[in-house]
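Encoded as structure tokens, the structure appears first; notes follow it.
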Amino acid sequence: MNKEKVIIEVENVSCRFGPVTAVEDVTLAIEEGTIFGLVGSDGAGKSTLLRTMATMIPPSSGRVIMGGLDAVTQRRQVKRLIGYMPQRFGLYPDLTVDENLAFFMDIFGIPRAERAKRRERYLGFSNLLPFADRPAGKLSGGMKQKLGLACVLVHEPRILVLDEPTNGVDPVSREEFWEILLEMKRSGMTIVVSTAYLDEGEKCGRLALMHRARILADGSPDEIRSSFASLEDAMIHRIEETDGAHARDNVNS
Amino acid sequence: MPVTTSTPEIVSVKDLEKRFGDFTAVDRVSFSIDRGEIFGFLGPNGAGKSTTIRMLCGIITPSSGSGQVAGYDVVRQSESIKQTIGYMSQKFSLYEDLTPVENIRFYLGIYSVPESRWDERTGWALGQARLEEVKDRLTRELPPGWRQRLALACALLHRPEILFLDEPTSGVDPITRRHFWEFIRGLAREGVTVFVTTHYMDEALNCDRIVMINEGRIVAMGSPGEIVAEACPGEAKATLNDAFIRLMTRTERVQGPG
Amino acid sequence: MLINPRNVQAVARKEFYHIVRDYRSLYMAFALPLLLILLFGYALSLDVDNVKVVIVDQDRTELSRDFAGRLDASAYFDLVTHLPDERAAVAWLDSGKATIALVIPPRWTENIRSNREAPLQVLIDASDPNIGTISRGYITSFVERYNSRLLVDFLGRQGFDNLRPALEGRIRVWFNEDLESRNFIVPGIIAVIIMIVGAMLTSLVIAREYENGTMETIRSLPINAVEFLTGKAIPYYLIAMTDVLVALAMGQLLFGVVMKGSFWLMILASSLYLSVALGLGLFISIATKSQLVANQIALLVSYLPALLLSDFVFPVENMPRMMQIVTWIVPATYYIDILNGLFLRDVGMGYLWPSYGVLLFMFLVMAAVAVVKMRREGL
């Protein structure tokens, strides 16, 4: 079955913060070139799971392997391989669009000859070229997110990790944002993205539903939807089913 | 007191305009809202949605044009408007270092609810928001969905006739959103008018009527079905999302830098 | 931990943009130091000269006029006027138009000639205790000198020629011949400026990354703590060193303070002391994560000690023992010690090395603490 090459391996990963278990025993294998969507309730542990992939926190137990490298012991090499956009992606508001992008190119050592081409390509993708001299703080919400995406794409990572990148973004900008993602996928990039928008979930090649620190379901959007009218109905049904079981457990014990 | 309470329209604005310097955020907008309606106000980031809401709520004064909200004039009676309406912003204007009960008491004071009714209203709000168990925890410790319910309960403490919701479900998961809309539909059945902005087109389907705005101007008005039919004629499978993208990209978005 | 110069440069360039964009930090970096030099140089002069004196001469003899004349001729005093009586003199003191009132009583000369006690009445306005104390010292030594002159004159008239007082203090002031406090003030201001730019401004820079949410971005990039902190420090190092040179030039042009010792020793000391300040500022910034709190703490632990506990404004030897011990951990104490040596005495490394050593040690400790703290924060 797994003819494609697996590029992200999450093996029995748990994350505990004091008494709280944010991620519990999650195992995933993601093939190269997929868009992998992560949906679920607030506080389900989506961000925490993404942060372990982005090397931002080490898992309490289990392993995360990104492109064959261990996310904890080979952190610096993994960082070169991935582009990560956290939920509240911080750009420098007082720096212009160009300067923000240049900072990322500096850090990743993009050679001088390449720089103009990359700038053209990624600011062009996100329709930001006309705003290159505008401070990032003066961009609208949708443009900020597209600039963030341009910044994490500029070193052409093999894996993109995006944590709710389209939150508070209007439908037009959201559409443009996803067109870039689909274009990147066609070029062979692997994308892991969490979202609260289930219409975006439909665009993913594979979808995982997360609730109470665990993965409840994992498959193509059609498999997740199964007999329900919409992804939302399917998701809410699965979550309420789990919560019901939880409630019964609590009553019984 | 409101001048007229018998008209079916609770909001009516005519040629409402707001300029900041030489930038026109809202450009001569006219519409009206009936009592008990769920009214959706949609548009891309920076289209002038928040500016319009802020004018209707008496927070900022229009540059020109006229309007009435709950019988009060938006230019001359902004203080009365603030006492009459409920307003909840996307930032859930709560004090994160206060408990839910303390937040509720703060808003009871702000809305001049008589003190004899504070206990009853506090109990009502905690019940509505399903926060009795955490009423003495700090608000910042609550999940976003719970904070949203608290913010909504606070906006309803003084039984407003009209509720303004500015992106109330931003960053909230689908389940919480579904519960939220069930609650809003319940309010509307009780006769409360709801004015709401959102980026979620599936949510906008809950609205009786929608106005779409782009670059400060109204580009479409009507029920969700009417808007889809008008923007995407002859496309049976078109959704509100398709209509939105069609309408917003039609007004060619050429903006120079600066 | 390897250091990639490219990463350091990337952060330094970005930091430079932040500074250029923010007129408040530009003001703090360049205008404030100039303002401090002018303010301290002109306003905080610790010298007292030309003490204003009024005289009530009730004796009116050749000797009393001679006394007044010599007083006026002295560089330390400025004889403002003669007044008819003590009440008028007190009025001058009250109004602040004079600091000292001298009352020469009737029959003063007569009493001297007949070997009786011949007291002078001296009234001093000590509302500024500093000026009061110094004025008292001046007038006391003046009267003593006048006394011994009278004695020599008297003995000479009695036939003792070539007589000299048995003991004569020949005081030569070294290292600061003019007793100009500006010679102390210029090094002190430089120490304060370095703390402002090095510690107070840098205390904001990492807190700002946390407040903007950009720290999460930085953490996701292939850059380590040493590269990040070094890149952050470089623009402020350059600004502070520019300020030092400007302060040196202004000291020389405006106040005629010329450094006697080696310029390069001065630069080395400034670099070391500045590095301590940078480490301190960055550490505060990482630890607080809030610009407001960081700024308050930096004020408390960097600027104020450099000003108050460094022998700059208040002499350490006059402090209580406990405070003296506290001054040992204030970096400015060692830096000002070095600068005083270089500005006033032209001493070299052979004499100054212990202070250099302490600054180097402080820098290593601060740098290590900042880097360890940054790594604990996940960079």
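For segment C:286-362, what is the Kirkwood estimate of the hydrodynamic radius, computed as the reciprocal of the mean inverse distance between distinct Cα atoms, to one decimal in Å?
13.8 Å
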For chain C, built as a Gaussian network whose Cα springs stay under 10 Å, the top-fluctuating residue of C:N115, C:N340, C:N224: C:N115
Neighbour-count ranking [beta-carbon atoms within 10 angstrom, fewest first] of C:R13, C:R6: C:R6, C:R13
Segment C:249-306-segment A:37-82 distance, computed between alpha-carbon centres (Å): 41 Å
Candidates B:I110, B:I184, B:I213: whichever shows maximal mean-square fluctuation once chain B is modelled as a Gaussian network with Cα springs under 10 Å: B:I110
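Go ahead and estimate [θ] at 222 nm for chain A from helices alone: -39,500 (n - 2.57) per DSSP H run with n ≥ 4, summed, over the residue count, rounded to 500. Walk me through the numbers on the way to the answer.
Working: 9 runs with 100 residues, N = 253.
For chain A, the value works out to -12000 deg cm²/dmol.
What is the order of B:I81, C:I329, fewest Cβ neighbours within 10 Å to most? Write down the numbers at each step before the final one.
Numbers: B:I81 22, C:I329 11.
Going from least to most buried by this count: C:I329, B:I81.
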On Cα atoms only, tilt of A:112-125 relative to the major axis of chain A in degrees: 60 degrees
Total formal charge among the other residues, if their Cβ is under 12 angstrom from that of B:Q68, Lys/Arg +1 and Asp/Glu -1: 0
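Contact order normalised by length for chain C, with contacts defined as Cα pairs under 8 Å and 6 or more residues apart; what percent is it? All intermediate terms of the calculation are to be shown ahead of the outcome.
Values: 485 pairs, mean separation 73.9, N = 379.
Here the relative contact order equals 19 percent.
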For chain C, built as a Gaussian network whose Cα springs stay under 10 Å, the top-fluctuating residue of C:R345, C:R116, C:R24: C:R116
Where labels lie 7 Å past Cα in the beta-carbon direction, separation of C:V293 and C:A126 in nm: 4.8 nm
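Give the dimensionless ratio obtained when the Cα radius of gyration of the protein assembly as shown is divided by 2.2 N^0.38 Å. Don't skip to the end; give the middle numbers.
Values: Rg = 38.7 Å, N = 890, 2.2 N^0.38 = 29.1 Å.
In units of the globular-protein estimate, the protein assembly as shown measures up at 1.33.
What FRET efficiency comes out for A:R112 versus C:A249 if R0 is 35 angstrom and r is the Cβ-Cβ distance? Round to the nearest 0.05.
Values: r = 38 Å, r/R0 = 1.09.
Computed FRET efficiency for A:R112 and C:A249 comes out at 0.35.
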For residues of A:83-96, the mean tally of beta carbons on other chains within 10 Å: 5
For segment C:74-90 and segment C:209-248, distance of Cα centres in Å: 60 Å
Per-residue HN-Hα couplings for segment A:212-225 [Karplus 6.51, -1.76, 1.60; θ = phi - 60°; Hz; x = Gly/Pro]: 6, 6, 10, 8, 8, 8, 8, x, 6, x, 5, 4, 5, 5
Rg/Rg_globular for chain B, with Rg_globular taken as 2.2 N^0.38 Å and Rg from C-alpha atoms: 1.03
Semi-axis lengths, Å, segment A:1-117, gyration tensor of Cα atoms, sqrt of 5 times eigenvalues: 29, 19, 14
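Could you work out the mean count of beta carbons from other protein chains within 10 Å of each residue's beta carbon in C:223-235? Let's see the in-between values first.
Details: counts 5, 2, 0, 0, 1, 0, 0, 0, 1, 0, 0, 0, 0.
Shielding by partners across C:223-235 averages 1.
Hey, what does the equivalent ellipsoid look like for segment C:33-158, semi-axes from the Cα gyration tensor as sqrt of 5 times each eigenvalue, largest first, whole Å? Mind dumping the intermediate values first?
Working: eigenvalues 208, 60, 24 Å².
With the √(5λ) rule applied to segment C:33-158, the semi-axes are 32, 17, 11 Å.
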Distance between segment B:27-97 and segment A:124-145 - C-alpha centres, whole angstrom: 28 Å
Long pairs among A:K144/A:K203; B:K49/B:K82; A:K185/B:K237; B:K82/B:K135; A:K146/B:K18; A:K46/A:K144, criterion Cα-Cα beyond 20 Å: A:K144/A:K203; A:K185/B:K237; B:K82/B:K135; A:K146/B:K18; A:K46/A:K144
Residues A:T96, B:T193 arranged by fewest to most Cβ contacts within 10 Å: A:T96, B:T193
Local electrostatic count, C:G96, Cβ distance below 12 Å [Lys/Arg +1, Asp/Glu -1]: -1
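In percent, what relative contact order does segment C:30-111 have, based on Cα pairs under 8 Å that are 6 or more apart in sequence? Walk me through the intermediate numbers first.
Details: 103 pairs, mean separation 32.7, N = 82.
For segment C:30-111, the relative contact order is 40 percent.
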Loop sites in segment A:37-129: trypsin sites (Lys or Arg not before Pro), DSSP, at most 15 other Cβ within 10 Å: A:R88
Helix-only mean residue ellipticity at 222 nm for chain B, each DSSP H run of n ≥ 4 adding -39500 (n - 2.57), per residue, nearest 500: -10000 deg cm²/dmol
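Hand me the trypsin sites (Lys or Arg not before Pro) from segment B:62-97 located in a DSSP loop with no more than 13 other Cβ atoms within 10 Å, in residue order please.
Values: sites: B:R76, B:K82, B:K91; in loops: B:R76, B:K91.
In loop regions of segment B:62-97 (DSSP not H, G, I, E or B), the sparsely surrounded trypsin sites (Lys or Arg not before Pro) are B:R76, B:K91.
Can you tell me, using C-alpha contacts under 8 Å and at least 6 residues apart, the relative contact order of segment C:51-157 as a whole percent? Walk me through the intermediate numbers first.
Details: 140 pairs, mean separation 30.1, N = 107.
Once divided by the residue count of segment C:51-157, the mean separation gives 28 percent.
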Environment charge at A:R121 (Cβ cut-off 13 Å; Lys +1, Arg +1, Asp -1, Glu -1): 0
Per-pair calculated FRET efficiency, R0 = 30 Å: C:R24 and A:E120 via Cβ, rounded to 0.05: 0.30
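Here, each number is a calculation from the coordinates, and none is a lab measurement. Fair warning: this is a prediction, and the values are worked out from it, not measured in the lab. Every residue, glycine as well, gets a Cβ built from its backbone with ideal geometry; the counts of neighbours run over all protein chains shown.
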